[in-house]
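The values are calculated or read from the model by the stated rules, or taken from the named source; none is laboratory data. The shown structure was predicted, so the numbers you read here are calculated from the model rather than taken from an experiment. Ideal geometry is used to build each Cβ from the backbone, glycine not excepted, and the neighbour counts take in all protein chains shown. The area values use the complete protein model at the heavy-atom level, side chains included, leaving out ligands, DNA and RNA. Shrake-Rupley method; radii C 1.70, N 1.55, O 1.52, S 1.80 Å.
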Amino acid sequence: MTTQEIFSRLQSKFEDNDISIETEAVLEPFIVVPSSLIALISEHLCRESDLAFDSLQCLSGVDLSASDETMEIVYHLFSMTHQHDLTLKVIVPKVEPHVPTVEHVWKIANWHEREVYDLYGVVFDGHSDLRRILLPDDWEGHPMRKDYKEPEIYRGMKVPY
Amino acid sequence: MLAQSTASEERKFLELKPFSDEMVVSMGPQHPSTHGVLRLELRLDGEIVREAIPHIGYLHRCFEKHAENLSYQQIVPFTDRMDYIAAMNQNWGFCLAVEELMSADPKFAGVPERAEYLRVLAGELNRIASHLLAFGTYGMDIGAFTPFLYAFRDREKILLLFEKLCGARLTYNYIRVGGVSRDLPPGFLDDVREFIDYFEPKIDEYNALLTNNKIFLERTVGVAIMDEAMAISYGATGPNLRGAGRKWDLRKDEPYSIYDRFDFDIPVGEEIPEAGAVLGDCWNRYKVRMDEMKESVKIIRQVLDGGLPDGPIVAAMKAIRPPAGEVFSRSEAPRGELGFYIVSDGSVKPVRLKAKSPCFCALSALQELSRGLMIADIIAIIGSIDIVMGEVDR
Amino acid sequence: MSNIYNGVYSVLLGMVITLRQLFKPSVTHQYPYENDFEINDNIREIPVGFRGQLHNRVEDCIVCKKCAQICPVDCIHIDARKPEKGGKMWESMNVVHLKDQTRIVGIIDGKPPKKIEPDMQFTIQHANPEGTTHPDIPAGATVKISGDKVDRIIDRKKVVLFMDQFDIDMTLCLFCGLCTEVCPTECLTMKDSLEGIEYSEFDRENLIYKFADPTLYK
Amino acid sequence: MVQQLSSQFLHLTSLLSVETVTPSEGSAPGGNWAQAFASQFLGFLPGWIGLVLVMSVVAAVFVAVVPLVPLVLVLMERKVSAWIQDRVGPMRVGPWGLLQTLADGVKLIFKEDLIPPQADKFLFRFAPYLIFTCSFAVFAAIPFSQRILVSDLNIGIFYIISISSVVAIGVIIAGWSSNSKWSLFGAMRSAAQMVSYEIPIGLSILTVIMMAQTMSMEGIVAAQNGAFAEGEPIITLLGVEVKGTILDWMIFRSPFTFLAFFVYFLSSIAEVNRTPFDLPEAESELVAGFHTEYSGMRFAVFFIAEYANVFAVCAIAATLFLGGWQGIIDEDQFIPGLLIIFGKTFLLVFVMMWIRWTLPRLRVDQLMNLCWKYLIPISFFNILGTGIWGLFFREDSALSIGLSFLIISLFVVSILGIVFNSFGKLKPADQTALAGNIGAANLQKLKTTWNERHGQQK
């Protein structure tokens, strides 16, 4: 199933909401969904038998530039049953970003969301164990943001080598 | 945001009921068989593991942050350091992603034929080397030291081949965007043929030494079953998924490079009721790797017999400057599907590069897999999902 | 009963394998004591093109700074300046690399071709013995070399910049070899000899290799 | 003076030689020679002081000499493992690395003696010596030749079993006092393991005792009296009288002792904590088990004691089952008894090392399964069989020897034939047959537990 078909199905299912598709001038078309809806849409995509996106390939945060006020969270989905793929995007603000978790849909989302929380500071509401995963627990800031300033000193150690 | 995050970050230790017989033990980061610097927080009731929580990040080297400040050419040596056991496949995965990004550019002609063959040759040799290490270290985890050294003896031969091919033994930086860095040294193909002729019977010897050993079977068969649904949900790919019985291999199912030209099988786990082997147990995950080495030998033999085409080894291009856009590309690395998500703004540096590492996904299943097993089984699980911490932490 | 049989059988099978290995010669060698890589046949050779220590033949370097640019970890530090009046310069000339790993420094007549065919003839005026490794060509002689012996010909540019500093911090180097690939005069190389491997030092400072040679530019 | 001393020494050695003790005598001649020595030289002292002095000198010599055995064994282990693994092993210190263990020992002595601050300091210091003492006390009752035997106790083998089981206590003390969880795991595992494996060891030894009808080590050796049998030699080769055969050894006396030998050997591997039963110090699981926190000389003491134990159990196996210090040639000490028993022991030690460097490690529950479900029933069967065998063949008749020889050789030939024939022919189809006991029923059980655990989460 192509992204366009999936998009029209999503539109009919979630009528009142602001779901848009981007196909122009990109290699892989993607669907932009509102952040409040991502859990519902994910569940729909996973459970529906002719969509059956049973595999979350990748979940990544993207911060395009320091001047932007928003960040993106990109979900790469793949269906092992039908072998089609889909890219979902959620746009979140940089200040107090909140996104519902998709952990109950795909278990791997647990660690991926922890990583995005760790590196971008996006809080996934309803996540069972939202802790830093790669950085130390007491690290300050979220380093993958473009406007991140590294601390001078961490626990008495000079940080910039 | 802050309130929630601090509340969850306070939970640093496992809760322990007072006056219970349970105890909390920290396994790692310095432990002989955590394959690097993995720390497991174990809540134990005697030998039984009630809960195991993996803590990662001890080897975090900010690869993704680095990559945002480097040109595409300069990122390739950094991918070597992700999964240092199979660096060729990591190079390849990254280059595939960049090439896919560049394919929108009409000036990019695509990877030359000869380079594709060289990539397959190098990638499959590296797959053998990686699986050999997995076999050896798994033997050592289970307690047999000798298979480890046999595996290293044979892996050494592959490393010598790579040393001739690209001048380095571990961090190859061989596969580049648009091709490969060097052409074959003289006599290399004969060396490869000599190696695979030597190596193929060795696999049977290893099977006799370890795979079919009674004690080894006792330790691994029926332990820590990750069935197909669970593997897919946890994003486990590669041998971990195939060990669960799912015939899924990107080389066959979504052939990239020139894999559609070769004839090879995808080994999958099998249920052997007499032995007690269940789909998705440690033994099946391990066995798939042993079988995959044979398939890799088959592919290499076809490359050698078919003869390499002549021609350039790198695509003609001025600078690696992909057009703006984004791409998520996957390739089949020895440990599973390695994905690279690249966002480009048309400059020489990527805006965002995310590496989806197969080990990261497989390791996240450990917490569920290990519940109710014994300490010795934890070691067996870690070995059987075959993680490399360099790739988990990136 | 079959259980015991299987146990005994598979265990003995493994033990037979290890016993066979007991009588096979060892594959390791004792490294520092058997390190004469060139002499001893049973010791593995360091292959041609091994990526060992970086080395810069400063007399060929034109200080283009391409290596410093491509280095992913910024381990090369180059500082250069325009020559003062009266500074020593050399004329541009060619370096002819022969296939037997030797090279002749001189001027060939005509422009060096892009692709070397076996039936070509090169006349080289062997101008300067410096950098020449061919044993039996006297300085100033003119030699004729057929194209099948020539590996590649490099233009050695006229020097335009004085090199004040060319430091390579080998503690940072990750041996990717990118810098040697972009070097236009092929003066920056990685040693594929024993020296390229044996580089341990007691002092970390000694691992910062300083290549700049002020005596070259009097 | 020198002459006098040497004649005294000769006299002493003649006193040392123990006469072949008949099982019924059961006397303990242990103190006799020491008493004689004391009265000879130290007559001016009260008797007991002289005795104590002599005994302490003997003990000092003993403690100084016996650690050489572990030194040799450590080197041997490293060399054997290296050869099995296509390596060369230690080569630097001395010719072919012969002095490597000595150098290691010196290094360990000079290392800092670390005691964890939270450890129980007294017990932490005490444990290595306990283990050391017990494993060396075993040597007192092992006859190394006709003359070299510290004390021929009439309950020699009983003494050995009891002393060597004290090692388990030392291990527990070491693990507990370190105040490290990994050490404690090692200690607990080793307690369970050693206690369990004492039983098959004891039962296997019982079969030998039943055959020999004595518990004195010297008596057991005498019961396998091959070369020392009275009467005509069986055959005379080049003037050497061959009086006994290896069929006189306890292992070949009956099929049951043959089986008992393997049970004993297997259990003794577990008793000395070596792969595949090295759970107390499983390096890939428990880091180093009970001696995780030890360093320096205390660690070395553990190490020495471990190898002394290895040697001791192998020497006991050689004594009980393989004829002890006796050869098969004649009684003129064609080869000294010391060399013979060392040869037999080192052969067994080699087999132990060979096993160690081949096999993976068992899990705790499987270890216990092996002991309680296989080895102990087999041992009981052995005892029963030995009793019946003894009932039918009261004397060492040719019939008895022939029959046992027949059964054993059939057994050995069939096993070896199977292994060597099928080697290299292992096909994937065989793997199913090879596999094992987990079986279909167990598979079902696994699946149900799996579903219970994960069913609701799907």
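At 1.4 Å probe radius, can you tell me the per residue accessible area of segment D:283-379 in Å²?
Accessible area per residue: 31 Å².
Can you tell me how segment D:40-103 classifies by the Cα gyration tensor, rounded, prolate or oblate, using a/c under 1.5 as the rounded cut?
prolate
Between segment B:173-249 and segment D:120-144, how many Å separate their Cα centres?
Result: 48 Å between the Cα centres.
Compute for chains D and C the buried accessible surface, both sides summed, probe 1.4 Å, and express it in Å² to the nearest 100.
2500 Å²
For chain B, with the dipole built from +1 on Lys and Arg beta-carbon atoms and -1 on Asp and Glu ones, taken about the Cα centre, which of B:ASN207, B:PRO147, B:GLY339 lies farthest toward the positive end?
B:GLY339
Mind checking which helices in chain B clear 15 Å along their axis (Cα) and have mean Kyte-Doolittle hydropathy of 1.6 or more, DSSP H runs only?
B:375-385
First obtain the Kirkwood hydrodynamic radius of segment B:277-393 from its Cα pairs, then insert it into the Stokes-Einstein equation at 25 °C and 0.890 mPa s, and state the resulting D in µm² per second as a whole number.
Translational diffusion coefficient: 137 µm²/s.
What does the C-alpha gyration tensor say about the overall shape of chain B? Classify as rounded when a/c is under 1.5, otherwise prolate if a/b is larger than b/c, or oblate.
oblate
Using the heavy atoms of the protein chains and a 1.4 angstrom probe, tell me the accessible area per residue for chain B in square angstrom.
Value for chain B: 29 Å² per residue.
Quantify how strongly other chains surround peptide A:107-116 by giving the mean number of their Cβ atoms within 10 Å of each of its Cβ atoms.
6
Roughly speaking, to the nearest percent, how much of segment A:3-158's 1.4 Å accessible area is carbon and sulfur?
48 percent
Classify segment B:45-192 from the C-alpha gyration tensor, please: rounded if a/c falls under 1.5, else prolate or oblate depending on whether a/b exceeds b/c.
It comes out oblate by the Cα gyration axes.
Average partner chain C-beta neighbours within 10 Å, per residue of B:360-366?
Counting other chains' Cβ atoms within 10 Å and averaging over B:360-366 gives 4.
Which of the residue pairs B:LYS247/D:LYS373; B:LYS65/C:LYS82; D:LYS121/D:LYS373; B:LYS107/B:LYS354; C:LYS82/C:LYS210; C:LYS24/D:LYS344 have a Cα-Cα distance greater than 29 Å in the structure shown?
Where the Cα-Cα span goes over 29 Å, the pairs concerned are B:LYS247/D:LYS373; B:LYS65/C:LYS82; D:LYS121/D:LYS373.
Could you rank the peptides B:302-310, A:128-136, A:61-69 by their average count of other C-beta atoms within 10 Å per residue, with the highest value first?
Put in order of decreasing packing, that is A:128-136, A:61-69, B:302-310.
Which residues, if any, in segment B:313-344 have at least 40 Å² less accessible area in the whole protein complex than in the isolated chain, probe 1.4 Å?
B:GLU326, B:PHE328, B:ARG330, B:TYR341
How many Cβ atoms of partner chains, on average, are near each residue of D:76-83 if near means within 10 Å of its Cβ?
The mean count of partner-chain Cβ atoms within 10 Å per residue comes to 2.
Please build a GNM for chain B, connecting alpha carbons under 10 Å apart, and tell me which residue among B:GLU64, B:GLU156, B:GLU194 fluctuates the most.
In this elastic network of chain B, the residue with the biggest mean-square fluctuation among B:GLU64, B:GLU156, B:GLU194 is B:GLU194.
Put +1 on the Cβ of every Lys and Arg and -1 on every Asp and Glu Cβ in chain A; which of A:GLY61, A:SER12, A:LEU37 then has its Cα farthest towards the positive end of the dipole?
A:GLY61
May I ask you to give the solvent-accessible area per residue for chain A, in square angstrom, as obtained with a 1.4 angstrom probe?
Spelled out: the 1.4 Å probe surface of chain A, per residue, equals 44 Å².
Computing the accessible area with a 1.4 Å probe over protein heavy atoms, can you report the carbon and sulfur percentage for segment D:40-103?
81 percent
I need the peptides D:81-92, D:106-117 ranked by packing, meaning the mean over residues of other C-beta atoms within 10 angstrom, with the highest value on top.
Final packing ranking: D:81-92, D:106-117.
In square angstrom and rounded to 100, what buried accessible area do you get between chains A and B, total over both, with the probe at 1.4 Å?
The contact between B and A buries close to 4300 Å².
Counting each DSSP H run of 4 or more residues in chain B as -39500 (n - 2.57), what helix-only mean residue ellipticity at 222 nm follows after dividing by all residues, to the nearest 500 deg cm²/dmol?
-14000 deg cm²/dmol
Heavy atoms only, probe 1.4 Å: what % of the accessible area of segment B:301-381 goes to carbon and sulfur, would you let me know?
About 53 percent, which is the carbon plus sulfur part of the accessible surface.
What ranking do B:353-359, D:355-361, D:124-130 get when scored by the average of other Cβ atoms within 10 Å per residue, highest first?
Result, highest mean first: B:353-359, D:355-361, D:124-130.
Quote the total accessible area buried by chains C and B together, excluding ligands, DNA and RNA, probe 1.4 Å, nearest 100 Å².
2300 Å²
Going by accessible area, probe 1.4 Å, with all protein chains left in place, what is the ranking of A:TRP111, D:TRP249, largest first?
The most accessible residue leads, giving D:TRP249, A:TRP111.
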